Amino acid sequence: MMDQKVSELLNDQINKELYSAYLYLDMANFYAAKGLDGFANWYEIQAKEEQDHAMLIYKYLHNNSQTVTLGAIAKPDKEFKTLADPLNAAYEHEQYVTSLINAIYAAAQAANDYRTVQFLDWFVKEQGEEEKNSSDLITKLELFGSDPKGLYMLNSELGGRVYSAPSLQI
Ligand code: FEO
């Protein structure tokens, strides 16, 4: 039987991941309106990945006979003015998500729930990649964003991102 606190934290995380998807869709929306289709593509794919994260946790809870309760998803509340704003907000948000995953990990360890610890190992690694990707994007925009040709190239690069299903299968 799964520890109740661990189960509740995982249940909450489904909502947090779906909020992340919604937040990234809002970023895609911001860039699409600016005509930066590559940036928009990047964040549309990011939104899909967040939905995958939510579904992995949803399925894991069901596979372990836990009751899942779905709550309301909050409205994306970040305001974007400059091209850098969503990138900075994304990096900050991923650091926050890492702290959430770490908190669930710690609770699972405290409950000797090694199955959940092992399940979360994938998320710990994924968060490392998400933080690096979002931080790298900030650096690239700082380096190349003030030059129109540089911005065009960066937009083209981000437009080449292709969705792939998560390596973790439940
Ligand atoms: Fe699901 Fe970007 O963390």
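Remarks
- Here the stretch 1-89 is treated with +1 on each Lys and Arg Cβ and -1 on each Asp and Glu Cβ, and its dipole about the Cα centre works out to around 60 debye.
- Charge dipole (Cα centre; +1 on Lys/Arg Cβ, -1 on Asp/Glu Cβ; no other charges) of the chain amounts to roughly 200 debye.
- Of Gln13, Gln46, Gln109, the one that fluctuates the most in a GNM where the chain has Cα springs shorter than 10 Å: Gln109
- Put in order of Cβ neighbour count within 10 Å, fewest first, the listed residues Asp147, Asp113, Asp12 become Asp147, Asp12, Asp113.
- 3J(HN,Hα) couplings calculated from phi for the stretch 36-53 with the Karplus curve 6.51 cos²θ - 1.76 cosθ + 1.60 (θ = phi - 60°) are, in sequence order, 9, 5, x, 4, 4, 4, 4, 7, 5, 5, 4, 4, 5, 4, 5, 5, 4, 4 Hz; Gly and Pro show x.
- Cβ-to-Cβ counts within 10 Å put Met153, Met1 in ascending order as Met1, Met153, the fewest first.
- Within the listed set Tyr152, Tyr22, Tyr58, the residue fluctuating most in the Gaussian network model of the chain (springs between alpha-carbon atoms under 10 angstrom) is Tyr152.
Every read-out reported here was derived from the displayed coordinates using simple, explicitly stated rules and does not represent laboratory data. This structure is a prediction, so every number in the text was calculated from the model and none was measured. We place every Cβ from the backbone using ideal geometry, glycine too, and count neighbours over all the protein chains shown.
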